[in-house]
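What follows is a short report on a single structure.
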Amino acid sequence: MNEKDLQTVKNFFTDDEWETISCALEDYINYDDPDAHPSDLIGGISVSDRVNSIDRKLSQLYVNTQGRDI
């Protein structure tokens, strides 16, 4: 994604909504079951792997758009 697209995504939600998403991810990771069969998982991927992937992408979004208004 280019910088303008990243800024558009970031601006889609308010800071309070981003904080809500972050808190929801923190809660959702508690549902991780290391013994779960892949067929019981969304995309066959564990909850912790999905949450960590989303968190990395959100963090990178903020790093790449910090202090920029495009």
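The values are calculated or read from the model by the stated rules, or taken from the named source; none is laboratory data. Bear in mind that the values here come from a model prediction, so they are computed numbers and not experimental data. Because the Cβ atoms are built from the backbone with ideal geometry, glycine has one as well, and the counts that use them run over all protein chains shown. In case anyone asks, the SASA skips ligands and DNA or RNA and just uses the protein heavy atoms, side chains included. Shrake-Rupley method; radii C 1.70, N 1.55, O 1.52, S 1.80 Å.
Residues that are assigned to a loop (DSSP other than H, G, I, E, B), modelled with pLDDT under 95 and among the β-branched types (Val, Ile, Thr): does segment 40-54 have at least one? Within segment 40-54, none of the residues are assigned to a loop (DSSP other than H, G, I, E, B), modelled with pLDDT under 95 and among the β-branched types (Val, Ile, Thr). Of the residues making up segment 37-45, at least one is without any contact (Cβ under 8 Å) to a residue 40 or more places away in the chain and touching a Lys or Arg at 6+ places or on another chain (Cβ under 8 Å).
Residue check: is Asp33 of a type in the set (Asp, Glu), assigned to a helix (DSSP H, G or I) and open to solvent by less than 100 Å² (accessible area, probe 1.4 Å)? So Asp33 fails the test. Every listed requirement among (1) open to solvent by 40 Å² or more (accessible area, probe 1.4 Å); (2) over 12 Å from Leu6 (Cα atoms); (3) under 15 Å from the mean Cα position of the chain (by Cα) is met by Val51 save one, (1). If the condition is being open to solvent by 100 Å² or more (accessible area, probe 1.4 Å) and in contact with a helix residue (DSSP H, G or I) (Cβ under 9 Å, 6 or more places away or on another chain), then segment 1-10 contributes only Met1.
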